[in-house]
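Report on the structure given below.
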Amino acid sequence: MIGVHHYIVESRVFLLIGTIFVALVAVEHFYIMIMEMFMWTRPRTMKTFGTTPEFANSTKALAANQGLYNGFLAAGLIWGLLYPDSSVGLHIQIFFLACVIIAALYGGATSSRSIIIKQGLPAIIALLLVLFL
């Protein structure tokens, strides 16, 4: 009986770890949305994205649009975490984590390789935890 109890506790711990990683990816993309939509021309955001004041001012609308997409990714992940049917919620999480990974790979190939690490790696870890734990 102790073995079964241990397995149940261990499963819940792993489920919690997966949930935490999915939530962290959602928070990261919500934060990116805030930076791109509302703080694009602030010095800290320009430093984060490696832009100049001139570039930031001329691309403010484009950044806001991009930020909106990051917000959709965050919203989808939160939706997956909160969905009342956990098996459907799991599929929602998998879909949006895959979207984040694809976006990170594209961003890494076309903009900055660090995007693969900063955005892709947390999503890959979360996806692996969701799929295998």
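The values are calculated or read from the model by the stated rules, or taken from the named source; none is laboratory data. Small disclaimer: the values here were computed from a predicted structure and weren't measured. So basically every Cβ, Gly included, is an ideal-geometry build from the backbone, and we count neighbours across all protein chains shown. Note: areas computed on protein heavy atoms with side chains; ligands, DNA, RNA excluded. Shrake-Rupley method; radii C 1.70, N 1.55, O 1.52, S 1.80 Å.
Summary of values
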{"item": "Selection count, segment 52-72, where residues are among the β-branched types (Val, Ile, Thr) and either closer than 28 Å to Leu97 by Cβ or at pLDDT below 95 (or both)", "result": "1"}
{"item": "Qualifying residues in segment 104-129 (those that are of a type in the set (A, V, I, L, M, F, W, C) and in contact with a Phe, Trp or Tyr (Cβ under 8 Å, 6 or more places away or on another chain)) - the one most open to solvent (accessible area, probe 1.4 Å)", "result": "Ile125"}
{"item": "Any hit, segment 60-69, residues being part of a loop (DSSP other than H, G, I, E, B) and more than 17 Å from the chain's Cα centre (by Cα)", "result": "no"}
{"item": "Search result, residues across segment 15-37 that are over 12 Å from the mean Cα position of the chain (by Cα), closer than 22 Å to Leu133 by Cβ and not β-branched (Val, Ile, Thr)", "result": "Leu15, Leu16, Gly18"}
{"item": "Conditions (1) more than 10 Å from the chain's Cα centre (by Cα); (2) aromatic (Phe, Trp, Tyr); (3) closer than 30 Å to Arg12 by Cα; (4) surrounded by 12 or more Cβ atoms within 10 Å (Cβ to Cβ); number of the one not met by Phe132", "result": "(4)"}
